[in-house]
Amino acid sequence: MELWGKRDDMVVHEREPFNAEPPRVALARERQTPVGVFYSRNHGPIPDIDPRAWRLRVDGLVGHRLELSLRELRERFEEVEIKATLQCAGNRRAGLAAVRDIPGEASWGPGATATARWSGVRLRDVLAEAGLESQAAHIAFSAPDVSRKADPPQPYGGSIPATKARSPEVLLAWAMNGEPLPRVHGGPLRAVVPGWIGARSVKWLTRITARSQPSTSYFQTTAYRILPAGADPARAEPGTGISLGPLPVNCDILTPDNGAQLPPGPTEIMGYALAGDGRIVARVDVSPDAGGDWRQAELDPADSPWVWQHWRTTLDLPAGERHVTARAWDSTGALMPESPRSLWNPRGYGNNSWARVHVTCR
Ligand SMILES: Nc1nc2c(c(=O)[nH]1)N[C@H]1C(S)=C(S)[C@@H](COP(=O)(O)O)O[C@H]1N2
Ligand SMILES: [Mo]
């Protein structure tokens, strides 16, 4: 299980827990990412769950508690399929780490983003069956994988507001790209929360709890929060900082690769852009000279607000060192910020500054 079925050109940030992302070019080929190149982000050892013995408990502020087998989930609720992009809050952290060191966190490139076709049931249908009480403002997810990176060590968890949980795109998924959900991606069942940071798409889901307050998991109260630049993350009190949820507009360049050597002349530049929670990407601009001149890229149509859009353009690159730069605008007019400097935060989340690759043309 050394690479968990991933292609052997994955960039492995950590073996235990397993953390790996594909090289840029591997994400460029398809709009739907094959499982073999889909990034893997784990905070603890990957559990081995017997799907026959597995049960999903639904409890907390509900009219009646549920305990469901996989078969009951399939039989009692409508099966739905949705294409959705997952993006880790640590995606593109390397750009922040270049500004100032981020100890203890992996330097993810742009590959902690990928798109799959998920099948399962709507979370809202299961919540309706349990009957949410009126004070149920948050839906918490629990999993059995114990993270020793949490303080104190504890199982993974997190929550989303009930308003998002009731939105039809949020799934409890047992299949990915038409295959049973692979163990490394949360089999037998995971949450899929499109448009929100990947951390809320809890894998190996065993319990859903309706609460009046957000989850008390370390991964909700302490991790996945934007702290002020001067804060010491080891001393930050739980509940301080900005809790991350909806993703901001973001993009990156997939080809050419950073550091590529190319002949001068017309060069195809392509990449992905994702607008985040319910929005679509409205425009992508690409610059051959770090933002001096801009040209609008050709953008894939937005089939759904939950899926990334690929874009491409051809730039005429003269001989020499070039900083090819890209930036995306979303359908509300929000634009990616220019510099990672203004975004730097102690745990290195949410880098949506302009994408840049350095290439040499000769
Ligand atoms: N149980 C559990 N769920 C989890 C995690 C985890 O470590 N344990 N990692 C989260 C994070 S931070 C991300 S970005 C996504 C990654 O999903 P993937 O590994 O299927 O790509 O899973 C989320 N769900
Ligand atoms: Mo993540």
Among the listed residues Val146, Val170, Val193, Val202, which satisfies the condition of being within 15 Å of the chain's Cα centre (by Cα) and more than 16 Å from ligand 2 (Cβ to nearest atom)?
Val170
Check on Val25, within 16 Å of ligand 1 (Cβ to nearest atom), under 23 Å from Arg93 (Cα atoms) and in contact with a strand residue (DSSP E or B) (Cβ under 9 Å, 6 or more places away or on another chain)
no
Tell me the residue from Ala290, Ala275, Ala236 that is over 30 Å from Asp50 (Cα atoms) and assigned by TED's automatic domain parsing to the domain that holds Glu105, please.
Ala236
Which condition from (1) assigned to a strand (DSSP E or B); (2) more than 15 Å from ligand 1 (Cβ to nearest atom); (3) crowded, with 23+ Cβ neighbours inside 10 Å is the one that Glu67 breaks?
(3)
Looking only at residues in the range 180-225 that are farther than 18 Å from Gln154 by Cα and more than 15 Å from ligand 1 (Cβ to nearest atom), which one is surrounded by the most Cβ atoms within 10 Å (Cβ to Cβ)?
Ala210
Asp303 versus (1) surrounded by 15 or more Cβ atoms within 10 Å (Cβ to Cβ); (2) more than 30 Å from Ile242 (Cα to Cα): which is the lone unmet condition?
(1)
Unmet requirement for Arg41, which otherwise passes all of (1) more than 16 Å from ligand 2 (Cβ to nearest atom); (2) surrounded by 15 or more Cβ atoms within 10 Å (Cβ to Cβ); (3) under 29 Å from Asp303 (Cβ atoms):
(1)
Residue satisfying condition, being over 29 Å from Arg74 (Cα atoms), modelled with pLDDT under 95 and outside any strand (DSSP E or B), within set Leu3, Leu27:
Leu3
Is it the case, given these coordinates, that Trp174 is surrounded by 18 or more Cβ atoms within 10 Å (Cβ to Cβ), in contact (Cβ under 8 Å) with a residue 12 or more places away in the chain, within 13 Å of ligand 1 (Cβ to nearest atom) and of a type outside the set (Gly, Ala, Ser)?
no
Filter the range 258-300 down to the residues that are under 18 Å from Thr325 (Cβ atoms) and among the polar types (S, T, N, Q), then identify the one that is surrounded by the fewest Cβ atoms within 10 Å (Cβ to Cβ).
Gln296
Test Trp174 against the criterion of being touching a strand residue (DSSP E or B) at 6+ places or on another chain (Cβ under 9 Å) and more than 30 Å from Arg283 (Cβ to Cβ), and give yes or no.
yes
I need every pair where a residue in the range 89-111 that is more than 12 Å from ligand 2 (Cβ to nearest atom) has its Cβ under 8 Å from the Cβ of a residue that is part of a loop (DSSP other than H, G, I, E, B) and of a type in the set (Asp, Glu), sequence separation at least 6 or different chains.
Ala97/Glu105
Checking the condition farther than 17 Å from Ala150 by Cβ, surrounded by fewer than 23 Cβ atoms within 10 Å (Cβ to Cβ) and either out of contact with any Ser or Thr (no Cβ under 6 Å at 6 or more places or on another chain) or free of Cβ contacts under 8 Å to residues at least 12 places away in the same chain (or both), which residue from Ala236, Ala231 passes?
Ala231
Please give the strands (runs of 3 or more DSSP E) falling wholly within the range 161-211 in which 1 or more residues are hydroxyl-bearing (Ser, Thr, Tyr).
207-211
Residue check, Val58 assigned to a strand (DSSP E or B) and either touching a helix residue (DSSP H, G or I) at 6+ places or on another chain (Cβ under 7 Å) or more than 12 Å from ligand 1 (Cβ to nearest atom) (or both):
yes
Identify the residue in the range 83-127 that is over 15 Å from Leu172 (Cβ atoms) and of a type in the set (Asp, Glu) and, among all such residues, is surrounded by the most Cβ atoms within 10 Å (Cβ to Cβ).
Glu105
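The values are calculated or read from the model by the stated rules, or taken from the named source; none is laboratory data. Keep in mind it's a predicted model, so treat the numbers as computed, not measured. Backbone-built Cβ (ideal geometry, glycine too); neighbour counts: all protein chains shown.
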